[in-house]
Amino acid sequence: KQKNPNEPEFHQAIEEILTSIEPVLKSNPQIVKAKVVERLVEPERQIMFRVPWVDASGELQINRGFRVQLNSAIGPYKGGLRFHPSVNLSVVKFLAFEQTFKNALTGLSIGGAKGGSDFNPKGKSDLEIMSFCQSFMTELYRHIGQHIDIPAGDLGVGEREIGYLYGQYKRISNSFEAGTLTGKGLSYGGSLARKEATGFGLLYFVNEMLKNHGHSIVGKKVVISGSGNVALYSCKKAIELGATVIAMSDSNGYVYDKNGIDFDTIHRIKEIERKRISEYVNFYPEAEYVENKRIWDLQCDIALPCAMQNDIDLKTAETLISNGCIAVGEGANMPTTNEAINLLISKNILLAPAKAANAGGVATSALEMAQNSSRMSWTFEKVDNILKDIMKNIYDESSKAANEYGQPGNYVMGANIAGFTKVANAMIAFGAV
Ligand code: NDP
């Protein structure tokens, strides 16, 4: 904290891991001797850069770009780009830190990174987005590559932005190195099922967790925060598995439909027409749009935070518990504060932690890279089946580690230990690097 003051999100992410891995450090003195933790909290490289671009009125705008290449012990750096006004070094470092252990959990050979900008894409025209993406890539391109660092999307960066970023990368590097960015469109190297992967993967994990604790997802009431990529496809899979999604949100408000949200309608509004969630009531007048109120006050069986970090604080956790919620599945990164995590676990609420439960996106990104290397395209079913296997494996590994360290059902601890151990072993093997 002394070395990196003013980085509360980064400290929070470290604290969560350190609490979980305490018993591992006690029983493995070689990890302590090799100073693995001290090395992990110092990113291998952090890049900050100026992003100048011209807005629609002809005025020059200046934003700040970031790429934190945190750890490459088990593979090339990999992690998304976030475009949101809240992006700063602390946020990017926390995301890169989380990403390192998440990527290890997938069982694939990918290290951890994250990047982005404080650029606010909301309300910007297509041309403005393109201008910004091109300027951003004009600096970023020299730091990335299919064997070096492979960025992808995150908040505010979807297929459109990846298209502009990849187009500029291709132009200035003069090579069609599709494996340098993932989340691409299908016509230029993207993978079927990538778009769906984080949300689908979240539900595969949550479903497995529920089954193993004697619950069925069928008929359960689900509330999802957010209505972006992760939220949308969590909604789709939750409905397919037999649950009822009663509410979804954006940063202005939420939609509540007691009969269950219709996926096709919400998909059309958000992904095709790029409109706000409030439009939903125009199609379903019996649904309600509620502004500036907490979605988590609604009674639900399963809560899926799929928007921003620190969405579920202590007070929200108390509300969820008193409303009878049985499980929380983290689609977003670090959506639950450490105090809220402790309370939920102490009350035996099943908690599927982000590192494990939302790893389906990055896992499928690695499958996209595999397809790019072989210049092949796999079917949706093939990618989805591999994703299912990966999520089951992540669940099993998290569960096994939690059992081994005497806290069965504590998937936060289990996922942290399983991911950390893999990275630590590789770092020890490399010696002092
Ligand atoms: P998107 O940009 O597609 O969607 C984000 C959604 O969250 C939007 O609906 C946005 O609404 C909403 N939101 C933002 N702030 C708030 C708020 N304060 N209250 C309610 N809703 C809010 O991002 P993604 O779906 O890609 O990412 C969501 C989360 O999942 C992030 O934490 C990301 O790091 C994580 N994640 C994403 C992966 C992926 O594959 N995309 C992989 C793993 C994790 P609005 O339009 O109003 O801003």
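A short reminder: the numbers here are calculations on the coordinates, not readings from a lab. Since this is a predicted model, take the numbers as computed values, not measurements. Heads up, the Cβs are rebuilt from the backbone with ideal geometry, glycines too, and the neighbour counts pull from every protein chain shown.
Computed quantities for the displayed model
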{"read-out": "Segment 231-310: trypsin sites (Lys or Arg not before Pro) falling in loop per DSSP and having at most 10 other Cβ within 10 Å", "value": "Arg274"}
{"read-out": "DSSP bridge orientation in the chain - percent antiparallel, rounded to nearest 5", "value": "55"}
{"read-out": "Per-residue HN-Hα couplings for segment 289-305 [Karplus 6.51, -1.76, 1.60; θ = phi - 60°; Hz; x = Gly/Pro]", "value": "10, 10, 9, 6, 10, 7, 4, 6, 6, 6, 6, 8, 8, 10, 10, 10, x"}
{"read-out": "Estimated 222 nm signal from helices in the chain, with DSSP H stretches of n ≥ 4 weighted -39500 (n - 2.57), rounded to 500", "value": "-14500 deg cm²/dmol"}
{"read-out": "Under 13 Å from the Ser373 label point (7 Å along Cα→beta-carbon), backbone N, segment 102-122", "value": "108-111"}
{"read-out": "Calculated diffusion of the chain, Stokes-Einstein form, Kirkwood radius summed over Cα pairs, 25 °C and 0.890 mPa s, µm²/s", "value": "113"}
{"read-out": "Per-selection metrics, segment 42-177 (Cα): Rg and Dmax in Å", "value": "14.4, 48"}
{"read-out": "Long-range amide H partners of Gly65 with built H, under 5 Å", "value": "Phe49, Arg50, Val51"}
{"read-out": "3J(HN,Hα) from dihedral phi, segment 98-103, Karplus parametrisation 6.51/-1.76/1.60, rounded to Hz, x for glycine, proline", "value": "4, 4, 4, 7, 4, 5"}
{"read-out": "Taking Tyr166, Tyr405 and counting other C-beta atoms within 10 Å, the order from fewest to most", "value": "Tyr405, Tyr166"}
{"read-out": "Distance violations [Cα-Cα > 21 Å] among Lys93/Lys400; Lys220/Lys258; Lys102/Lys422", "value": "Lys93/Lys400"}
{"read-out": "The chain - percent relative contact order, Cα under 8 Å, separation 6 or more", "value": "16"}
{"read-out": "In Hz, Karplus ³J(HN,Hα) per residue of segment 411-423 (6.51, -1.76, 1.60; θ = phi - 60°; x = Gly, Pro)", "value": "6, 5, 5, x, 5, 4, 5, 4, x, 4, 4, 4, 5"}
{"read-out": "Val245 long-range amide H proximity, modeled H, under 5 Å", "value": "Val222, Ile261"}
{"read-out": "Sites matching trypsin sites (Lys or Arg not before Pro) across segment 1-81 that sit in DSSP coil, with at most 10 neighbouring C-beta atoms within 10 Å", "value": "Lys3"}
{"read-out": "Sequence of Phe101, Phe200 once ranked by neighbouring C-beta atoms within 10 Å, starting from the fewest", "value": "Phe200, Phe101"}
{"read-out": "Charge dipole (debye, nearest 20) of segment 195-352; +1 at Cβ of Lys and Arg, -1 at Cβ of Asp and Glu", "value": "160"}
{"read-out": "Charge dipole magnitude, Cβ of K and R +1, D and E -1 - the chain, Cα centre, debye nearest 20", "value": "940"}
{"read-out": "Dipole axis of the chain (+1 Lys, Arg; -1 Asp, Glu on Cβ), positive-most option in Ser249, Gly123, Asn71", "value": "Asn71"}
{"read-out": "For Leu186, Leu351, order by how many other beta-carbon atoms lie within 10 Å, fewest first", "value": "Leu186, Leu351"}
{"read-out": "Per residue convex hull volume, Cα atoms of segment 124-231, in Å³", "value": "136"}
{"read-out": "Candidates Gly414, Gly324, Gly163, ranked by Gaussian network fluctuation over the chain, Cα under 10 Å, top entry", "value": "Gly324"}
{"read-out": "Length-normalised contact order for segment 42-177 - Cα pairs under 8 Å, 6+ apart - percent", "value": "28"}
{"read-out": "C-alpha center-to-center spacing [segment 179-221, segment 92-160] in angstrom", "value": "20"}
